[in-house]
Each structure stands twice: as C-alpha cells, then as structure tokens.
Amino acid sequence: MLTIENLTVDLGGQNILHDLNMAVPAGQVSVILGPNGSGKSTLLRAIAGELPYGGSIRLEQHEIRAAKAWELAALRGVLPQSTAVAFPFTVAEVVRLGLRAGVNADQAGIVHAALAEVRMQDFADRPVQDLSGGQMARVHLARVRAQIWHGGPGTWLFLDEPVASLDIGHQLEVMQIMRAFAQTGGGVVAVMHDLNLSTMVADRMILMKQGKIVAQGAPGQVMHDRILTEVYDCPVRVAQAPPDRAWVLPQAFGAAS
Ligand SMILES: Nc1ncnc2c1ncn2[C@@H]1O[C@H](COP(=O)(O)OP(=O)(O)OP(=O)(O)O)[C@@H](O)[C@H]1O
Ligand SMILES: [Mg+2]
C-alpha cells in the first residue's frame, strides 16, 4: 500500500504540491494525469524519496523520509521523466546498473530477460549513445525492471511518462509490462498524458491540476467531459467505444464546447 497524507512539497521557495491525500493499493496500475506543470513529476519524485516533503508518504511499512537508500532500492524502481547517461556505456551495462548490490541470482540472466521484455536484447552490446529516443526509453525501463525483477507484493514501479516517446506497438508492450507487474501483486504508479491509453491500462486514475488532486478513482469516475474540460482547459468529450471502454476525442479547433 502507498498512503499519502497531507503531502506538501516546496521547491525553489515555491509551494508546488498542496495538501495531497491518496491511497494506492498494490496489485493495481494507478495512473497520474494532469496538464503540464500540474505537479505529476514532483509527486512521483517525492514518493520516490528524492524530495523533502511535509506530511506523510508511507510505502508498505516505511515512511519515505526515514527509509534507508538500500531499503528503498529493494522496494521500488523509479523511471524518471528523462535520464541522461554521461558515460559511453553499452545497453547491457546500463541495465546492469539497475541490479541491486547483493542480488545473488543470475545477474546476466536478469539483464537479458529485462532487455528481452522490452525487445531490446539484440542491442545488448551497442553503445547507448547510438540508440533512438524510443529505444533509449525502453532500455531505461529495462534498467528499472531489472532492479526489482521478480515483482510480487511489496515491490513497486514508479514510472514517469513510460510511453511518451514510443510508437503505438511499443506503447502497448510497455502497458502490458505494467499490467503484468501489477498481476504479480506489485504496485505500479505511472504518470501518463494520453487519456485513451490511460483508460486502457489504469485501475485507478489520479487527476492533478495546479499542485492539487482534483479527482481520483476508477477511470469511470474520473473520465467525464466536465472534469477533463475543466482540468485541461480544453474542450473534450468522453465517449464509449465497444466493448465499453471510454475514449476521449478533442473537439475540433473552433468547435463550440
Ligand atoms: N526545482 C524547482 N524549483 C522551482 N519550481 C519547480 C522546480 N521543479 C519543478 N518546479 C515547478 O513545479 C511545477 C510542477 O512541475 P512538475 O515537473 O511536477 O510538472 P508535471 O506535472 O510533471 O509537468 P509535465 O507534464 O510538463 O511533465 C511546475 O510549475 C514547475 O515549473
Ligand atoms: Mg513531468
């Protein structure tokens, strides 16, 4: 369980997150949505233990600010919104960075399996600098997966825009990885922008605006014309596509809302 109570985050002397409350169960995919600058990455970074915060963030039995780095490393993998690799590592070396110190299992096997999961096994010996943007994104996901390869209850994936740079086929693959991880009993919290893909993958949605949570719950509770139009300040309409999945169509330029 991930439980957040009265969470406040200040950055650069400014209050970025205000008094957030949410409870996210393990075994599910929870998707954080909201406009640019609404605080999604800040929320994910606070949960990941990367930012000072007020209030409480409890992941399993740990209060995040009090947890040791090795305890967090065993508990959760974090995919940042962007990651720069400063050294000329190969793809396999980058994934190996995700393996925790002290893991005795077949490390080479995990590196290979994590790369195979994102269909990048044939690139293992290539320098990461030579990859395309989407290939690089999948390698970083493999690195995060390798860190907590076996999943299961008590493990978590925190992913900031894991499908943003991918084509539709690879988007579906990564969403399948998220679902499969949740099915092991692990928790997945992912920031996403695409409302239609989010409805496909999310058990729960957390919708943010200006540092606050404005709606949360099952997709059917969050995906409403009025809520989305207000949050995104943009006219949208939510429709149902068979077999009963919501989809969101932006209204044409200039169309009345
Ligand atoms: N270090 C910082 N100092 C001051 N303000 C910051 C800092 N980091 C982020 N912010 C501000 O906090 C707000 C939330 O940023 P955040 O990165 O969490 O947004 P986001 O919802 O992830 O947006 P996007 O969809 O564009 O990734 C923004 O207004 C941003 O400018
Ligand atoms: Mg962000």
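Results, tabulated for the structure shown:
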| item | result |
| --- | --- |
| Hydrodynamic radius of the stretch 139-257 per Kirkwood, over alpha carbon pairs, in Å | 15.6 Å |
| Cut-off under 5 Å, modelled amide H: who pairs with residue 155 long-range | 187 |
| Spin-label model distance (nm) - residue 86 vs residue 70, 7 Å beyond Cα toward Cβ | 2.5 nm |
| Summed side-chain charge close to residue 89 - residues other than residue 89 whose Cβ falls under 13 Å, Lys, Arg +1, Asp, Glu -1 | 0 |
| Quarter of the Cα convex hull surface for the stretch 8-54, i.e. its orientation-mean projected area (nm²) | 3.7 nm² |
| P(r), alpha carbons of the stretch 1-120 - 10 Å bins starting at zero, rounded % | 11, 35, 33, 19, 2 |
| Dipole magnitude (debye, nearest 20) for the chain, charges at Cβ of Lys, Arg, Asp, Glu | 180 debye |
| Measure of compaction for the chain (Cα Rg per 2.2 N^0.38 Å) | 1.02 |
| Amide hydrogen neighbours beyond the local backbone of residue 16, cut-off 5 Å, H modeled | 9, 10, 11 |
| Highest-MSF residue in the chain out of 36, 15, 196 [GNM, Cα springs under 10 Å] | 15 |
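Quick note: the coordinates plus some simple rules give every number you see, no bench work behind them. Here the structure is a predicted model, which means the values were calculated and not measured. Positions of Cβ are generated from backbone atoms using ideal geometry, with glycine treated the same way; all protein chains shown enter the neighbour counts.
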